[in-house]
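Here is the structure we will look at.
Every read-out reported here was derived from the displayed coordinates using simple, explicitly stated rules and does not represent laboratory data. All figures in this text were calculated on a predicted structure; none of them were measured in a lab. Methodologically, a virtual Cβ is constructed for each residue, glycine included, from the backbone with ideal geometry; neighbour enumeration extends over all protein chains shown.
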Amino acid sequence: MTVFLHMLHLELRRALRDANTLLYIGFPVFAYPFMFWAGIEGLIYVQQAHERETWLVAVEAPALVEVLDSPPVRAVPGTLVDLDAGRLDALVDVDAEGAVRIHHRAGSARSRAATEAVEEALAEHRTDLRTKAAERLGVPLYTLRSEATDDPSRQLMWFLALLIGMLAPATLVISATYPTIELFVVERDKGTLETLMTSAVDRVKLVGARMIVAAGLAWVASMANVLALGLTLWHGAYLVVERLQDVPFVLSPSFLAVPPVLAGGALVTTAVLAVLFSVARTFREAQMIFSAAAFVLLAPSMVSVFACMEDFSRDLAPWPLFHTSTLAFDALRGQLVATDLLVGLATDGLAVAVLLGGWHVVFGLDRLVTGIGRPAWVDRLTGET
Amino acid sequence: MLRAVLAVVRHELRLQTRQAQSLLLFLTLAVGAGPLGLVAMDRWMAVTEQSAERSAKTAPIQLSADPPIPSWLVEDDNLEIVPGPVTSDDLLEGGESYGHARIEGDEVVLTRPFAVTRSNMLEGRLVRAVRRSNVDRVKAAVVASGEPWEPPLALRWRRETRDEDARAGEMAGRSLPAMLFFLLLSMAMYAAVDVITKEKEKGTAETLLVVAIDRRALLLGKALVVFGLTALVGATWVLGLAASEGLGVLRVPNLFEGAVFTAANTGVLLMGAVLASLQVSAAALVVAALAPSFRAASILSMPFVIALMAPVGFASVPTVELGPSTLWLPVSNVVLAVRSLMAGELTAGLGAATLGVVVAQTAATLGLAGWILSEVDPFDKGLDAEARRGTGDFGHDAFVLFAVAMLGFWFFGTVMQKADPVLGLIGSLGTLLPLAALLGPVYVGAPLRETLSLRAPSGRDLALGAAMGLTVHGVGLLVAAVMQPFLQTPDAVAQGILDLADTPLPLLLFAGAVMPGVCEELLFRGALLGLLRSRYSIVVSVAVSSVMFGFMHLDLARIVVTAAMGVAFGALVVRTGSIVPGMIAHTLNNALFFGLASAGVASDGLGIGLVVWALCATIATGGLVSLAGRGRPGIRMEEGGRP
Amino acid sequence: MIEVDGLTKVFPGPVTAVDGVSFRADRGEVFGLLGANGAGKTTTLRMLVTLLAPDGGTARVNGHDVVREPEAVRRSIGFLSVTTGLYERLTARELLVSFGQLQGLPDARARAERLIERFGIGPFADQRCGRLSTGMKQKVSIARSLVHDPPVLVLDEPTVGLDVLVAQTFLQAVEEARDEGRCVVYSTHIMSEVERLCDRVAIIHEGRIRHAASTAELVAEHGSVEAAFIARVTAC
């Protein structure tokens, strides 16, 4: 046990002494606010620019001129030739059956926006007339009023949980890559591997220590991801959902399940990556492998996006990688079922045990550390000798 | 020159073709992400569309309702009435019903949990059901009264598209350039790292550099290879997609509602690929030149990818169009121009202007890349970070520390201050800055005491600090008054300062004067100035740390004034060899600001008194500085010994 | 051929790695730079071959100043050091041709063939450099440094890590180069090589030249080069 702890300490120190590791962990803390800020500012700019615009529309139906000639639409004279030449944003006329036709250019954002404005004005006009007719004829018209049963804080959390849940598995994959390469691969083209492998170190402990440190760093990085993402979203939530502005921030106690859920996910992801990287000899090769494997690894993330949306999250509880998203979603919105969490963590553990245990039985754990004995086709592929 | 460039190009191409990885990446990007990727996307969209249709459109959603339930609600096949009533907790626990409806007069009141996706969908369906029933009932009443049901009461409309072909082009123009950019980015990054960074790592750079060849030819040749490979990926991708559509392998029409790869569009995309390759490879060369190793390059590439993909994302927003305001955004302009051309909307004038801007920007970027490559000699591996630190040089670390500390401070500081302005200010200043100031030097192994100028000050040093505080405040007011017509503090910042004025004076002084005075000094005149001085001269170090201090304040009006204050505080710390006088000066300056503000004295109302104050204080400080300078040279790191 | 006068290099820190080094080396001569690890040999030679810019002093190679005419200097020198890398993905023949072309030789191929023959590279000329043994690599390396027929050879600890037999072949090549009238600057910390190869020697320690003399003089004075080296270095 002492040896194991020493090894843990050694590996952890080795990883942390490299500023790249710290940069990797800290990166999301800076990246998300920046991306969010840039995105929101950009959208606000575009929206404001559009709000200031006036759409030039030729109306060839006298009855509709008055209806349509109000901001943002301005009725101007013009023909289809003008529309094609870009001097008009839309042209409205009426066909033989009395249906209104809105001529526009599909290729132009201006023209599409003008079309939408015209449609809106027409709908408003029609609703007006129908409301008046209903009043005249004494027909009751219903309106819908929606009341939320949960308080605004819970609504805010649902919103945050949805987004964070969707992104959690992706952050795990991204977070686990660098530490796993750092701990398992980088040493392979350095002289220190010989020193290590010729010492009387128990392989199980060695791989165990590396797994724990790599998964631990991945966990910290993914927590940083989720935290930065959560704070960014919370900070900017009102920009997206206006009525959530200044809503108090109340976390459901079940959010405490997020760290263990991410820890389980980090272990599984690290184990998968360690196995994948067993054919890599250099940092570079590991990165190439990751580029190819990323699509497969990110698949659970994509599937679970739909899982969050459709409320069938509980069905995914027994499936490692897939359940990261749904468990985090449920935990953050305060609807986590305890058995789901337990099943999820148990299956994570089982997956790691099966993966690494199976590898040990078939190939031996040495190969995870040294990468020696990779198939010949990999050599041919990389072109290195 | 030309012959030399060609020799380099031939040499680099020979190296690239010898590497299966290059070929593999090329095929992955140009073919795998091209026709194959789009076919997969097409299938994926078809599948999700089907399943979405099944679950969202056809399956009814359950709700409970109070009697009497109107018939239109029961008859709607989108909705299913189940027994109620239910409480909100039942709903949240996943009970039978996703919402509860009741009729109050002419209002349909829906009670439903917000935090359930299906309940949100229920609301949408109910809105439509109400609207439909309203129309049905009005129509029935109108017909019953013998009136005709015709326009305008029954107004109908439809869209008539003038440019059916352009629609596909426009839709494709919104997504294809974005995909293309990402692929080009991957290739350019890989190639640039391979021809620049890898040479440094493998020791071949040395061999290459003693060859008698013009260094500009060497760099130009390498840049050409990076650009060529990148453009080749783009061209292969575009032509591959065009061929797939032509052969009917790829059902692009399904994705974009029409044929995309007409001869004209293919030409446009090819041109866009070439322009984008230019932009992207120039930027990638800069990253590769900055990175000492392959690993560093892979870390550096993360912010690089974000910085380039953000404008791509912006340009993919449907409402963003190429115009006088968007023309200037690098990367965005190429994406928008391609989209605009494919949508048949680009006018000749705008097109020419855009091309001009893109060419000018690319030339400037290449120039910048060239400049960096000549300044930071790309083949001089130099000392690695650890060896450099071993010689007592922590100059580079100062810049990293500044970036990390500021990004953290801006982000967490904003969040903390949103929670509570005063406590947030205290919290963010009091934790983040000292942490950075202490952990930074400790992490890189710089001697803490020397770096932070932790030395007990003499009485004269303290007096000097106080005098400097008065001076800086007076001069600062003067500068602000002079600059008033040109640069103004944004309303939001001014408002933020005003908000603070409501707090009790002692708390305000603590949050606004003592905390910044102590914590900001610890970071800027302590850690950053100390680390900078281990490499650069005193003048450069004070100047750079002051500019950093200015940028911490983020708005243009304050950057200038605060940077100038930074110089004063920096000079004070260098002169006295202790951080404490700087802290006193800084605290006093801020205290005067908040003290006067809360006493209701407007700074622009001081008039001539201001000038007198500033002059007197300047003379007094000048005298003190000349006194303090005697017999005490500034402590330099070299003399303080190496760690 | 080589005139070095007061050459100085200061690294940030500041660390003065080379402090006013001066020496001369002539045609048909092997000039030895003898020093312990970190003495400043490599930095001096890197300045000589234009890889580093000097902070003070001048150096001329074949009449060209290293700062003002770096290209002319590079045309005159062949450089080989212990860290010099070969492109692993190229075959030996391709590598030689490639460097000939980069040097702007009109007859790069013919030149490469002559070198292949001379150094006995033929049997492995079409194997990729990454797969060659250390000895083979070193042959390719020295052929590479001679590909443009430079009048000056700068060799920075070229035999480090070579076995006795390979080193033997290498030293013969250096002697041949000298006999062809080239000027060779040879840095090393291996005393026997100095005794065998060098006509004159400079002992460098902590960035300064402590002693310069002909090998024969050193041996006459101290009995051996090693004794001379230890005596000179411990004296300061």
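Observations on the structure shown:
- Estimated dipole of chain A in Debye, rounded to 20 [Cβ of Lys and Arg +1, of Asp and Glu -1, Cα centre]: 1500
- Relative contact order [Cα under 8 Å, 6+ residues apart], chain A, whole percent: 20
- With a cut-off of 15 Å on the backbone N, the residues of the range B:1-38 near the modelled label site 7 Å out from residue B:235 along Cα-Cβ are B:30.
- Stokes-Einstein translational diffusion, the range C:1-157 - Kirkwood Rh over all Cα pairs, 1.002 mPa s, 20 °C, in µm²/s: 129
- For residue C:211, distant residues with modelled amide H under 5 Å away: C:203
- The fewest-to-most ranking of A:108, B:281, C:214 by surrounding Cβ atoms within 10 Å reads C:214, A:108, B:281.
- For residue A:165, net neighbour charge (Lys/Arg +1, Asp/Glu -1) across residues whose Cβ lies under 9 Å away: 0
- Projected-area average for the range B:513-581 over all orientations - Cα convex hull basis, square nanometres: 4.2
- A dipole drawn for the protein assembly as shown from +1 and -1 charges on Cβ atoms has a positive end, and of B:394, C:148, A:133 the residue lying farthest that way is C:148.
- 30 Å Cα-Cα threshold exceeded, pairs from B:200/C:139; A:205/B:202; C:41/C:137: A:205/B:202
- Dipole in debye (nearest 20) - the range C:100-169, about Cα centre, beta carbon charges: Lys, Arg +1; Asp, Glu -1: 220
- CD proxy at 222 nm, helix term only [per DSSP H run n ≥ 4: -39500 (n - 2.57); per residue of chain A; nearest 500]: -22500 deg cm²/dmol
- Peptide packing for B:571-578, B:392-399, B:590-597 was compared via the average number of neighbouring C-beta atoms within 10 Å per residue; ordered from the highest value, the list is B:571-578, B:392-399, B:590-597.
- Counted charge near residue A:373, where neighbours are those whose Cβ lies closer than 13 Å (Asp, Glu -1; Lys, Arg +1): +2
- Treating each Cα of chain A as an identical point scatterer and summing with the Debye formula, the log10 of I(q)/I(0) at q = 0.07 Å⁻¹ comes to -0.52.
- Label point at residue B:371 placed 7 Å out along Cα→Cβ; residues across the range B:287-311 whose backbone nitrogen lies under 19 Å: B:287-291
- Share antiparallel - DSSP beta bridges, the protein assembly as shown, percent rounded to 5: 40
- 5 Å-binned pair-distance histogram of the range B:134-229 (Cα, whole percent): 2, 9, 11, 10, 7, 6, 6, 6, 6, 5, 4, 4, 4, 4, 4, 4, 4, 3, 1, 1
- Ellipsoid semi-axes in whole angstrom, largest first, where each is sqrt(5λ) of the Cα gyration tensor of the protein assembly as shown: 63, 41, 33
- Here the protein assembly as shown is assigned +1 on the Cβ of each Lys and Arg and -1 on the Cβ of each Asp and Glu. Its dipole about the Cα centre then comes out at about 3380 debye.
- DSSP-defined beta bridges in chain C - what % are antiparallel, rounded to 5: 50
- Given charges at Cβ of Lys, Arg, Asp, Glu: chain A dipole, positive-most of A:323, A:358, A:292: A:358
- Computed as a quarter of the hull surface, the mean projected area of the alpha carbon convex hull for the range A:54-137 stands at 5.9 nm².
- Scoring C:141-153, A:209-221, B:187-199, B:427-439 by mean Cβ neighbours within 10 Å over their residues and listing the highest first yields B:187-199, A:209-221, C:141-153, B:427-439.
- Rough spin-label spacing in nm, given labels placed 7 Å along Cα→Cβ, for residue B:13 and residue A:96: 6.4
- Rough spin-label spacing in nm, given labels placed 7 Å along Cα→Cβ, for residue B:347 and residue C:107: 6.6
- Two-site FRET efficiency, residue B:539 against residue A:203, from Cβ-Cβ distance with R₀ of 51 Å, rounded to 0.05: 0.35
- Paramagnetic reach from residue C:53 (point 7 Å along Cα→Cβ, amide N under 19 Å) across the range C:72-101: C:72-74
- Using a simple spin-label model with pseudo-atoms 7 Å out from Cα toward Cβ, residue B:102 and residue B:439 lie 5.4 nm apart.
- Peptide A:16-23 has a mean shielding of 4, counted as Cβ atoms of other protein chains within 10 Å of each residue's Cβ.
- Net charge of neighbours whose Cβ lies under 12 Å from the Cβ of residue B:285, counting Lys and Arg as +1 and Asp and Glu as -1: 0
- Compactness of the range C:23-82, expressed as Rg and Dmax over alpha-carbon positions, Å: 11.6, 31
- At an R0 of 51 angstrom, the distance between the Cβ atoms of residue B:141 and residue A:153 translates into a FRET efficiency of 0.70.
- Computed E for residue B:455/residue B:423 - FRET, C-beta separation, R0 45 angstrom, nearest 0.05: 0.90
- Averaged over the residues of A:80-90, the number of partner chain Cβ atoms lying within 10 Å of the residue Cβ comes to 1.
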